[in-house]
Amino acid sequence: MNPRLDLLHPYPFERLRQLQAPLRPPQGITPINLGIGEPQHRTPAVITEALSSNLAMLGKYPPTGGSPELRGAISRWLGRRYGIADPDPERAVVPVAGTREALFAFAQAVLDPAEPGIVLTPNPFYQIYEGAALMAGARPVYVPTPRERGYLPDWSAVPADAWPQVRLAYVCSPGNPAGAVFGLEHWRELFELADRYGFVIAADECYSEIYNGEPPVGALEAAERLGRGAERLVTFNSLSKRSSAPGLRSGFVAGDPEIVQRFLLYRTYHGAAPSSLTQAASVPAWEDEAHVEENRAKYQAKFDLARRILPQTPIPNGGFFLWLPVEDDEEFARRAYTEAGLTVLPGRYLARAVDGRDPGAGHVRIALVAELDVCEEALVRLAAILI
C-alpha cells in the first residue's frame, strides 16, 4: 500500500460521528443536522427535466474533455458572470466530476514527484487540499486566516524561506468555513506572490453564487482586471451549491490553457469524467440564472433569520455557513446534540494547530442548508443553549 496513506487525517465527519456515538438527542425532539454542507433545496426542473429527456446517454461513454456543448456553456457562463472574455472552450475549460475530485487530482498532476515542494492551504480549510498535498508528496503549510484580517489568508505568516519552495497554493473565495470573500486587492497580493515565486494558484470558487450583497470577484475576473492574464491560475466551480445538485457531480476547471491541457492529459488516464447524461443535463443548468437567483434568495432569507434570532453571530459575505464563536467547540457540539438535537461541526476538525494554536478551536460551523422552516427551528434551539 502507498505509505502516504498513513499521513492522512481522519475526515471531519468521521471525527464528528465518533464524537456523537455515545450521545443521544433529547427524547421527543426531531434531530436536525447542521454539520454537513450538503444543499437540501430541491434540484431545479431545468436539471431534472434535462436528465429525464437524455436517459439514452447512459449508453454512451463520456468524452473525458467534455462535450463541445458543455465546454461552450461553461465558457459563456464565465464570460457573463465575471464580465471577461469567454475562455477558450477548447483549451481553457474541462468539465470534471465535481470540484472535490478535481481539487485532489490537480495536485497529483501539477506537482513534480522529484520536487513536490510546499503546498499552501488556508487554515481552517477544506481537507481535500491537505490530502492532495500529502498524497503528492508535498509539505502542506497552513496559512492562518485570522478574524482581524476578515478571515482571509495572512500571507505574511508564511516563513520567508518557505516561499521559494511553494509550488501550489489553494485558496477558497467565498471561504469555507467563515465565508470570507477576496476583493480585487486580495487577488493582487496573491498574484504578486505567485509571479515572484512561480507557483500555481488553485482557486476554489464553489460558493461563488451564494453571497450577501455584491457578487464576489472571481479569480479569472481579477486577473483580467489587473492586466495579468491567466498564467499559472486555474479556477474550480460546480453545480453542487449554485444549483442545489450535489449528487449530479458536475463541475469544471478553467484557466491557464497550458495547465488545463496537461491536466486533461492526466484525466484521460484518471477516468473521472462526468457521465454523458450528467454533461447533457449540465448544459441548460449553466445557461439558466433564474434558478440561481431563487436559490440565493432562499439562503438570504435564512441569514436574515440568523440576524434576528442570533444577533451576535457574524453573518458571512458568502457561502452558507455560520462560523459561530464558542468557548469550547467540541463541548458545545456535545451540548447542541444532547440538549437540542442539533449536529454542528467543531471548528478544530477543519484546522491544524500551528505552534500550539488551533485557529478552528473555539468555533463551530453551522450549515444553513435545510429549508427555511427547519433552519428557523434550528436557530431557535441554538439561541436557547447560547443563553
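The values are calculated or read from the model by the stated rules, or taken from the named source; none is laboratory data. Quick caveat: nothing in here was measured; it's all calculated off a predicted structure. Cβ: placed from backbone, ideal geometry, glycine included. Neighbour counts: every protein chain shown. SASA here: full protein model, heavy atoms, side chains in, ligands and nucleic acids out. Shrake-Rupley method; radii C 1.70, N 1.55, O 1.52, S 1.80 Å.
Here the condition is being open to solvent by less than 40 Å² (accessible area, probe 1.4 Å), closer than 26 Å to Ala223 by Cα and touching a helix residue (DSSP H, G or I) at 6+ places or on another chain (Cβ under 6 Å); of Ile74, Ile47, it holds for Ile74 alone. Within the stretch 355-374, the set of residues being assigned to a strand (DSSP E or B), of a type in the set (A, V, I, L, M, F, W, C) and either touching a residue at least 60 places away in the same chain (Cβ under 8 Å) or open to solvent by 50 Å² or more (accessible area, probe 1.4 Å) (or both) comprises Ile366, Ala367.
Every test in (1) buried (at least 20 other Cβ atoms within 10 Å of the Cβ); (2) under 18 Å from Ala203 (Cα atoms); (3) modelled with pLDDT of 95 or more; (4) of a type outside the set (Lys, Arg) is passed by Gln108 save one, and that test is (1). Go through the residues of the stretch 122-132 one by one and say whether even a single one is charged (D, E, K, R), closer than 30 Å to Ala297 by Cβ and open to solvent by less than 30 Å² (accessible area, probe 1.4 Å). For the stretch 122-132, residues charged (D, E, K, R), closer than 30 Å to Ala297 by Cβ and open to solvent by less than 30 Å² (accessible area, probe 1.4 Å): absent. The set of residues from the stretch 148-167 being touching a helix residue (DSSP H, G or I) at 6+ places or on another chain (Cβ under 8 Å) and farther than 30 Å from Pro314 by Cβ comprises Trp163, Pro164, Val166, Arg167.
Of everything in the stretch 29-44 that is closer than 19 Å to Pro284 by Cα and open to solvent by less than 40 Å² (accessible area, probe 1.4 Å), the residue that is farthest from the chain's Cα centre (by Cα) is Pro44. When each of Glu231, Glu189, Glu224, Glu209 is tested for being over 19 Å from Arg296 (Cβ atoms), among the acidic types (Asp, Glu), in contact (Cβ under 8 Å) with a residue 40 or more places away in the chain and touching a helix residue (DSSP H, G or I) at 6+ places or on another chain (Cβ under 9 Å), the lone residue that passes is Glu224.
For the stretch 177-225, which residues satisfy the criterion of being aliphatic (A, V, I, L, M) and within 25 Å of Gly360 (Cα to Cα)? Correct list: Ala178, Ala180, Val181, Leu190, Ile201, Ala202, Ala203, Ile210.
Would you confirm whether any residue within the stretch 119-138 is at positive phi, in contact (Cβ under 8 Å) with a residue 40 or more places away in the chain and within 17 Å of the chain's Cα centre (by Cα)? The answer is no; no qualifying residue exists.
Quick grid of which residues meet (1) in a loop (DSSP other than H, G, I, E, B); (2) within 19 Å of Asn123 (Cβ to Cβ); (3) among the aliphatic types (A, V, I, L, M):
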site	(1), (2), (3)
Asn176	yes, yes, no
Phe182	yes, yes, no
Glu189	no, yes, no
Leu193	no, yes, yes
Tyr207	yes, yes, no
Glu214	yes, no, no
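Of the listed requirements (1) under 14 Å from the mean Cα position of the chain (by Cα); (2) buried (at least 24 other Cβ atoms within 10 Å of the Cβ); (3) under 18 Å from Leu78 (Cα atoms), Glu209 misses just one: (2). Screening Leu78, Leu51 for residues that are in contact with a strand residue (DSSP E or B) (Cβ under 7 Å, 6 or more places away or on another chain) and of a type in the set (A, V, I, L, M) leaves exactly one candidate, Leu78. Here Ser173 meets each of (1) small (Gly, Ala, Ser); (2) at pLDDT 95 or above; (3) farther than 27 Å from Phe263 by Cβ with one exception, condition (3). Per the conditions (1) open to solvent by less than 40 Å² (accessible area, probe 1.4 Å); (2) more than 17 Å from the chain's Cα centre (by Cα); (3) closer than 25 Å to Glu231 by Cβ, the sole criterion not satisfied by Pro164 is (1).
From the list Thr343, Thr338, the one residue that fits, being modelled with pLDDT of 95 or more, hydroxyl-bearing (Ser, Thr, Tyr) and surrounded by fewer than 20 Cβ atoms within 10 Å (Cβ to Cβ), is Thr338. Could you please let me know if Val93 is more than 30 Å from Lys302 (Cα to Cα) and open to solvent by less than 70 Å² (accessible area, probe 1.4 Å)? In short, yes. Scanning the stretch 14-28 for residues that are open to solvent by 50 Å² or more (accessible area, probe 1.4 Å) and either touching a residue at least 40 places away in the same chain (Cβ under 8 Å) or more than 23 Å from the chain's Cα centre (by Cα) (or both) turns up Arg15, Gln18, Ala21, Pro22, Arg24, Gln27, Gly28.
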